[in-house]
Every structure is written in structure tokens, then in C-alpha cells.
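These notes concern the structure reproduced below.
The values are calculated or read from the model by the stated rules, or taken from the named source; none is laboratory data. All of these numbers come straight from a predicted model, not from anything done at the bench. All Cβ positions, even for glycine, are placed from backbone atoms using ideal geometry, and neighbour counts span all protein chains on display.
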């Protein structure tokens, strides 16, 4: 009778340090490249911009320290207040994309004839470039041949030069931005509707719930994750709006369509001269406004996770 071959065993103390901590270390190894990119291309530029905001610098020569002068100058700058006002208007009206996206998603979530065609038509604005959106709406608003003036002409109104009138220009650009933003919110809600519990829907029907009551008390509470993401993306999108303004009006007329991000570009790299420090000060103000919303959303997420 042959004796079985003894298999050598390695105790935990004899294994390498990595083998003993492999489960804990492996996720960090995957995260390190992303964290490094985030630090180099996001965090470091933020602190660099904050530092530049305390200097007067044209981007080429030597930087001259000026302390808080750039920030003090902002409080006497009418263009800054115009840009800030427009950002607030963007922020308020851009939120209309969330309920609009929800109701379109509810419509597209049905099984009716041609629903795939409808989904494609509503999804189309999301996949096209913002530059194309800006050009399309510039033609749409054109006072000589645009469809907008052709339409209001049926009611004896117009023509209205939307992009040339300082009273209408901001609202016209926001309407253009709402087109793709509504499509994005629609996609979020369509994904969320797929996760709605059908048993809760059926139980609510047995209890007599239908229509608005079903939507408000049963469906919308289950769409809370999608609503949260829609709010975050929409608010950040409203605050960092730039491309549509650049394409449609270039800040005009008379600077009335500027927002903070566009004004920052103008003073740092545009016709006003290369005032990098002043542009960085505007960027810091915009960052602080964004941080208020980001901090609120992070606090909400933390509170929700703690309550589970």
C-alpha cells in the first residue's frame, strides 16, 4: 500500500503581503488610473485657476500679483451681473426638461403602433451635436425665412427677431437647449420605468388607484434615482452652458445673452484681451455656485444611504 503524497501547505504568515491583502487591494488597483487622471485634469486645474485669480496675467508675460483686486472688480462689472442673471434664468427654466422628459417617457413606455418610430424621433436630439442644435435653431428663429416667424404669422404676429432682441434672446437659446436636455431626461426615465415594480402597480389598481394618483403615489416614488440624476445633470448643464450661446449669438446682442462661462471665455481669450486672472476669478465664482448644488446632492445621497 502506497502512502499518499503530502502536499506542502503555506501558512498565512508565509504568504506575501499582497496575497494576504489581495481582495482589499485589487479594487484600488483598478481605481488608481482614474483617480490619477481626475487629480491631474480636474483637481489640479481647479487649484491652479484659484491661484491665477489673484494675479494680473496675459498668459504670456510675467504674472503680477494683485490680491483680491479681480474679485473686487467683479462687483462693479455690469457684464458680470448680466451673466449671473442669465445663469439664474437658465437654471430655473432648464429644470422644465425634467417634467417634460418624464411625461414623454410615460408616453413612450406604452405598447402602441409605431412606438419604435416615436422613440427614435424623441431620442434623436440627444445624439446630435450641440453645434448642430444651435445652427438648426438659428435658422428656425431667422426673421426672414424661419419657421418660427412663419408660424406666428398665421396668427397675425411678427416677424420677431428672437436672437437679435435683448428681451427675447436668452429665452430663445434656452428653448434650443431644452430640446436635447429633455431627450436626455426622457432616456433616464425610460430606464427607470423598466425598474418599476409591476406588483405595486397591480396592488394599487386593486385599491382603485389610477391616473394622477397612480403616477404621484406609486410610479414617481420608484423613479427617485432617475429624478436625482436628472436634477444633477440638468443643473450642472444649465450652469456650464456655453456652446449654444457661442454658436447662436456669440454673446450678443449687446452682451445680453452672456452667461458666466461665456463671459469667462471672453475676458480670458476673446476680444476683451487676455486677462487670465480676471477670467479665472469668474471661473472661481462659477465653481462656488456649482459646489453649492454638488454639496447638497452629495449630502442627500449620504443621508439616503445612511437611512437604509
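Please work out if residue 280 is touching a strand residue (DSSP E or B) at 6+ places or on another chain (Cβ under 9 Å), surrounded by 19 or more Cβ atoms within 10 Å (Cβ to Cβ) and in a helix (DSSP H, G or I). So residue 280 passes the test.
Here the stretch 109-118 is the region considered, the condition is being surrounded by 10 or more Cβ atoms within 10 Å (Cβ to Cβ) and without any contact (Cβ under 8 Å) to a residue 12 or more places away in the chain, and the residue that is nearest to residue 180 (Cα to Cα) is 118.
For the residues 104, 128, the requirement of being over 30 Å from residue 284 (Cα atoms) and surrounded by fewer than 16 Cβ atoms within 10 Å (Cβ to Cβ) singles out 128.
Of the residues screened, residue 94 is one that is at pLDDT 90 or above and either over 25 Å from the mean Cα position of the chain (by Cα) or closer than 27 Å to residue 185 by Cβ (or both). Could you list, in sequence order, all residues of the stretch 257-289 that are within 17 Å of residue 82 (Cβ to Cβ) and over 24 Å from the mean Cα position of the chain (by Cα)? Within the stretch 257-289, 270, 271, 272, 278 qualify.
Remark: residue 74 matches the filter, which requires a residue to be within 24 Å of residue 285 (Cα to Cα) and modelled with pLDDT of 90 or more. Within the stretch 187-220, take every residue that is part of a loop (DSSP other than H, G, I, E, B) and within 31 Å of the chain's Cα centre (by Cα) and give me the one that is surrounded by the most Cβ atoms within 10 Å (Cβ to Cβ). Looking at the filtered set, the residue picked out is 196. Taking the stretch 52-70 as the range and being free of Cβ contacts under 8 Å to residues at least 24 places away in the same chain and either exposed (fewer than 12 other Cβ atoms within 10 Å of the Cβ) or assigned to a loop (DSSP other than H, G, I, E, B) (or both) as the test, the residues that pass are 61, 62, 64, 65, 67, 68. For the residues 293, 254, the requirement of being in a helix (DSSP H, G or I) and either surrounded by fewer than 16 Cβ atoms within 10 Å (Cβ to Cβ) or under 22 Å from the mean Cα position of the chain (by Cα) (or both) singles out 293. Kindly evaluate residue 238 against the criterion of being under 30 Å from residue 71 (Cα atoms), surrounded by 14 or more Cβ atoms within 10 Å (Cβ to Cβ), over 16 Å from the mean Cα position of the chain (by Cα) and touching a residue at least 60 places away in the same chain (Cβ under 8 Å). Considered against the rule, which asks whether it is under 30 Å from residue 71 (Cα atoms), surrounded by 14 or more Cβ atoms within 10 Å (Cβ to Cβ), over 16 Å from the mean Cα position of the chain (by Cα) and touching a residue at least 60 places away in the same chain (Cβ under 8 Å), residue 238 comes out as no.
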